[in-house]
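What follows is calculated from the coordinates using simple rules that are stated; it is not laboratory data. Treat the numbers as computed from the prediction; the structure is a model and nothing was measured. A quick note on method: Cβ atoms are made from the backbone with ideal geometry, for glycine too, and the neighbour counts reach across all protein chains shown.
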Amino acid sequence: MNKTIDILFASDKLYFAHLATAIFSLLTSNPKNVFNIHIFTSDIGMTDEINIRKVIGLSGSKLFIHILDGSVFNGLPLGNHFKKENYYRLFAANYIFSDLCLYLDSDLIVVDSLQEIFDFDLGEAYLAGVENPGFDWHTALGMKKSSRYFNSGVMLINLKKWRATNIKDAVVNFVRNNPEAIHFVDQCGLNAVIDGEWKELPKYMNVQTSHFMSQGFHGLYNQNPEIQFALRNPKIIHFTGSTKPWVLLSRHPFKKSYWYYRNKTPYKAFFPDEFGVYKATKFLITLISSLSKK
């Protein structure tokens, strides 16, 4: 049997349905692996904990819920789409005592085996991840021009090195002292501190929404062959940006895949999460208008 692997998620109570979906997809796509699944959160109710334990079920994996005091992050920039919980993954080396863990965002699904990540040789790098397309903030973040900027939604973390370098405090101090340079909360801070000392995973390990062309989802970003391959052979689909599959008018091409996994959890639903009266009315008006033109 393969060794037990530490997996880390961080979430607030509004994201537990998506977290459960991500966990279920991970377990379903990696049935031969056994995991220690860690959840960093500031609050979890009994119903949500029961639901997540049901998702893990008889898989053989274990659940560890860590209730964190996020006051150390008070006053740090958040922006429009981020919450204090985005910073919680910085605590990874403080609560997980193995040498490695895989961090996964809650707004993703795992659709194939991740054994390639589990066998990855990190060496002395801080982490392994996938580059974030479109980044050009080297000067503002004090990074070398040659350094690449990674997306922090999927990270194989060298916990031993994070402990030795006290990376949490280094990132918090950078973000606190350079708020004008921060676009993507701790992701910018991590990239500034690590400054290129990370290894690259194949792009199919973190297929981001920005890998698609800006006009719809029909073309491929820059016609890059590696990205084309990733889009056709993804292992992790990461719903970055505002085009979340649980939003009413989402046109993400992997929306159905998200709902396939979601509806096998206790959080199954017949309508998108944001299916309010206003959006439902707008949706119906758009649909009727579209049908009338045919």
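When you restrict to C-alpha pairs under 8 Å that are six or more residues apart and normalise by the size of the chain, the relative contact order lands at 19 percent.
Is it possible to state the helix-based mean residue ellipticity at 222 nm for the chain, with each DSSP H run of 4+ residues giving -39500 (n - 2.57), the sum divided by total residues, to the nearest 500 deg cm²/dmol? What is it?
Numbers: 11 runs with 97 residues, N = 294.
It lands at -9000 deg cm²/dmol.
Counting 0.36 nm for each residue step from residue 146 to residue 49 and taking away their Cα separation leaves a gain of 30.5 nm. When peptides 160-166, 242-248, 107-113 are ranked by their average number of other Cβ atoms within 10 Å per residue, the highest-first order is 107-113, 242-248, 160-166. Each DSSP beta bridge with both residues in the stretch 5-292 is either parallel or antiparallel, and the antiparallel ones are about 40%.
Taking 0.36 nm per residue of separation and subtracting the current Cα-Cα distance, fully stretching the chain between residue 113 and residue 163 would add 15.1 nm.
Just so you know, the Cα atoms of the stretch 5-292 work out to an Rg and Dmax of 18.9, 64 Å.
Here's how it looks for residue 8: its modeled amide H is under 5 Å from those of 38, 102, 103, 104, which are all 5 or more places away or on a different chain. Once you sort the root eigenvalues of the Cα gyration tensor of the stretch 57-159 as a ≥ b ≥ c, which label holds: rounded (a/c under 1.5), prolate (a/b larger than b/c) or oblate (the other case)? Oblate, since a/c reaches 1.5 and b/c is not below a/b. Overall form of the stretch 1-63: prolate. Here a/c, set by the Cα gyration tensor axes a ≥ b ≥ c, is 1.5 or more, and a/b is the larger of a/b and b/c.
For the residue pairs 13/145; 160/244; 3/144; 83/144, the C-alpha atoms sit more than 32 angstrom apart in 13/145; 160/244; 3/144. Hey, quick one: spin label on residue 139, modelled 7 Å out along Cα-Cβ, who in the stretch 176-205 has an amide N within reach, i.e. under 15 Å? Inside the label zone: 181.
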